[in-house]
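J.: Okay, handing you the structure first.
The values are calculated or read from the model by the stated rules, or taken from the named source; none is laboratory data. Not measured: the values here are computed from a predicted model. Please note: Cβ atoms are built from the backbone with ideal geometry, for glycine as well, and neighbour counts cover all protein chains shown.
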Amino acid sequence: MSRYALLILPAFNRVYGESSVRLTRSELTVFSRYGLEGEISGIEETSIGGVPYVTFDGSLTPGDIALLSNLSSVYALFGVEGELLRPLAMTPLDRLSSDLITIQKYAGKTNEHFTKLLLNVTALAGDRRLGERLAVFDPLCGRGTTLNQALMYGYDAYGIDIDGKDFEAYAGFLKTWLKNKRLKHTAETVPVRRERALVGRRLNVTFGLSKEAVKAGDVQHVSVVNADTLRSRDFFKPRSFDVLVTDAPYGVQHGSKGGSGLSRSPLELIRQAAPVWAELLRPGGALGVAWNTYGGSRDDLAKILASAGLEVVDYPDFEHWVDQAIVRDVMVARKP
């Protein structure tokens, strides 16, 4: 049994940074339960040289180290040898430049560390491994923070959002980013019609890391629709996605857009949308949602997801303070 130490990546957001050590401990517990080959124990916060680390005991395999390289707030991983730290080579899944995640700045953007955490703990609850090629769907995708994190991992990314300005902003950003990075790609925005009536717009993007990759068929796909999430089944087929991840509107900042208009409670929207979202998940897939607990309790959300045929996963505490009007938490559920 060896001792290990995780150095936490500094967070640009001060408030999130104050919660990052505790959230990393919870995320590490999920990795241990659902992803690592060996068990780990003794997870705790430790100060080393006046700097906070998350330390734990275990016997990590090379595969375990590769998996832990994707923890949302990890900066470096060390083996503890007496009073010395031995750095371990990290091999994260990320295959694109990090500015895909960090370059966008706008009011209401979800912290990118949290987005990665939410994607991680949701994907780990499903039947497929984190390193496999997954299809990820964000049914309230906004300007695409979740979609971009999925692309970083080499996944295919799909989304829907009712806000036309957000749709246009994401389409413009992604097209420009791909062009600036000189990645071989095709991108188009097309109208979607049903019985001659315009029901939405769709952004379709296909890209590869090189011309050779594109010729070999090694490409990633992005498809984003500008429409109401309650109509997701009009645009995507049932059992299309391995992972469904979303950060629900907080009500105070954005309003919760659903069939009945604006609501301060995210649970009103989720109650209407959950049956639709569940249809889009493949069996063995997982749904992860973050929400403002001032808009509804864990028990209320668990009942909503259960009534949609999903099984809520028993996860450690991810609740954390965002501001005086928002306390955010995470719930993950599987589709049998």
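J.: Could you check N111 against (1) touching a residue at least 60 places away in the same chain (Cβ under 8 Å); (2) surrounded by fewer than 18 Cβ atoms within 10 Å (Cβ to Cβ); (3) of a type in the set (S, T, N, Q) and say which number it fails?
T.: Going through the list (1) touching a residue at least 60 places away in the same chain (Cβ under 8 Å); (2) surrounded by fewer than 18 Cβ atoms within 10 Å (Cβ to Cβ); (3) of a type in the set (S, T, N, Q), N111 breaks only (2).
J.: Please work out which residue is nearest to R231 (Cα to Cα), limiting yourself to the range 264-290 and to residues that are buried (at least 21 other Cβ atoms within 10 Å of the Cβ) and at pLDDT below 95.
T.: So, considering only residues that are buried (at least 21 other Cβ atoms within 10 Å of the Cβ) and at pLDDT below 95, the one nearest to R231 (Cα to Cα) is L269.
J.: Let me ask you something else. Report the residue count in the range 104-143 for those that are hydroxyl-bearing (S, T, Y), touching an Asp or Glu at 6+ places or on another chain (Cβ under 8 Å) and not in a helix (DSSP H, G or I).
T.: 1
J.: Turning to a different aspect of this structure: Does any residue of the range 117-127 turn out to be modelled with pLDDT of 95 or more and surrounded by fewer than 19 Cβ atoms within 10 Å (Cβ to Cβ)?
T.: Within the range 117-127, one or more residues are modelled with pLDDT of 95 or more and surrounded by fewer than 19 Cβ atoms within 10 Å (Cβ to Cβ).
J.: Which residue, of G142, G126, G131, G159, is within 20 Å of the chain's Cα centre (by Cα) and at positive phi?
T.: The match here is G142.
J.: Looking at the structure I just gave you, is K116 basic (K, R), touching a helix residue (DSSP H, G or I) at 6+ places or on another chain (Cβ under 6 Å) and either assigned by TED's automatic domain parsing to the domain that holds V245 or farther than 17 Å from L9 by Cβ (or both)?
T.: Considered against the rule, which asks whether it is basic (K, R), touching a helix residue (DSSP H, G or I) at 6+ places or on another chain (Cβ under 6 Å) and either assigned by TED's automatic domain parsing to the domain that holds V245 or farther than 17 Å from L9 by Cβ (or both), K116 comes out as yes.
J.: Give me a count of the residues in the range 154-188 that are in contact (Cβ under 8 Å) with a residue 12 or more places away in the chain, among the polar types (S, T, N, Q) and over 25 Å from S240 (Cβ atoms).
T.: Residues meeting the conditions: 0.
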